[in-house]
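J.: If you scroll down you'll find the structure; I have some questions about it.
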Amino acid sequence: MQGNSDNCVCQHRMGLSRNAAFSLMHRDRATQEEVMPTAQTQGEADSKSDQFRKEMAERAGGMLSYAEVAARLGSGVEVVDEQYRQRRLLGVTYHGRVGFPAAQFVDNEILSGLDTILSVLGDTDPWEQLMLLTTPLEGYGFHPESAFQILARSPDGKMMRQLAALLSSWVT
C-alpha cells in the first residue's frame, strides 16, 4: 500500500496524472538499481582489472621487486626508491606492492632515454603508461615494436623525439 500512498503524494505535489506519477516513481527506482553497482558487477570489474594488470605484466617481461631491481643495478633499495620517485623508473602497484616492469632494463641498466619518455607521459596513470610503453608501434623499424623495445635499441635523437612526440600526443 506504500506504493499507492507515494504515488498519491507524487501526483498531488507535482500535479501529475496517476500514470505519470507511477512511471516517474518506477523510473527512479530503475535508475538507482542501474547506478548502484552490485557485488557481481564489482567482482566482474575487479576480475577484468586483474586480467588487464596480468596481461600488462606479461607484456613487460614480468614485474621486479625493489630488491630485484637493486640487484640488477648493483645498488641499494634506497637508490631504486629515489629513481622511482624522480620518475627515472616506471613502477606500478601490483598485488599491493610497487612492481617494476622488467622491460625497462637491459644489460642490468635502465633503458637509455626512459626518463625522457616518462617525463613526457607526465602524471598519466602508471598502468596506462605501461600499456603505452608495451603497445607495438609501426614505423620505427621493420616490424612493430613497443616503446621499450625501441629504447632497448638506443635510438638516435631524431627517433627519440618522434617517439616522445607520439607518446605525448596519446596522453594530452
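J.: Once phi is turned into ³J(HN,Hα) by the Karplus curve 6.51 cos²θ - 1.76 cosθ + 1.60 with θ = phi - 60°, what whole-Hz value does each residue of the range 65-75 show in order, with x for glycine and proline?
T.: Karplus-based 3J(HN,Hα) across the range 65-75 equals 7, 3, 5, 5, 5, 4, 5, 4, 8, x, 9 Hz.
J.: Right, here's the next one. Starting from the amide H of Val106, placed 1.01 Å from N in the peptide plane, find each other amide H under 5 Å away whose residue is 5 or more places distant or on another chain.
T.: The answer is Leu111.
J.: Now, a different point. Per residue, what accessible area does the range 63-104 have, given a 1.4 Å probe and all protein chains present, in Å²?
T.: With the other protein chains kept in place, the range 63-104 gives 54 Å² per residue.
J.: Taking all protein chains in place and a 1.4 Å probe, what share, in percent, of the accessible surface of the range 55-172 do carbon and sulfur account for?
T.: 49 percent
J.: Here's something else I'd like to know. Any idea what the alpha-carbon Rg over 2.2 N^0.38 Å comes to for the range 81-123?
T.: My calculation over the Cα atoms of the range 81-123 gives 1.13.
J.: Follow-up question, since we're still on this one. Given +1 on the Cβ of Lys and Arg, -1 on the Cβ of Asp and Glu, and no further charges, what dipole in debye does the range 28-172 carry about its Cα centre, rounded to the nearest 20?
T.: 400 debye
J.: Pulled fully out, how much extra length does the chain show between Thr124 and Glu78, if you take 0.36 nm times their separation in residues and subtract their Cα-Cα distance?
T.: Extra length from Thr124 to Glu78 when fully extended: 14.1 nm.
J.: Once you put a point 7 Å from the Cα of Arg153 and another 7 Å from the Cα of Gln86, both along the Cβ direction, what distance in nm separates them?
T.: Roughly 2.9 nm, to one decimal.
J.: Also: Just need log10 I(q)/I(0) for the range 59-172 at q = 0.23 Å⁻¹, Debye formula, equal scatterers on the alpha-carbon atoms, no solvent, rounded to two decimals.
T.: For the range 59-172 at q = 0.23 Å⁻¹, log10 I(q)/I(0) is -1.41.
The values are calculated or read from the model by the stated rules, or taken from the named source; none is laboratory data. From a predicted model like this one, the values you see are computed outputs, not experimental measurements. Cβ coordinates were reconstructed from backbone atoms using ideal geometry, including for glycine residues, and neighbour counts include every protein chain displayed. Please note that ligands, DNA and RNA were not included when accessible areas were found on the heavy atoms of the full protein model with its side chains. Shrake-Rupley method; radii C 1.70, N 1.55, O 1.52, S 1.80 Å.
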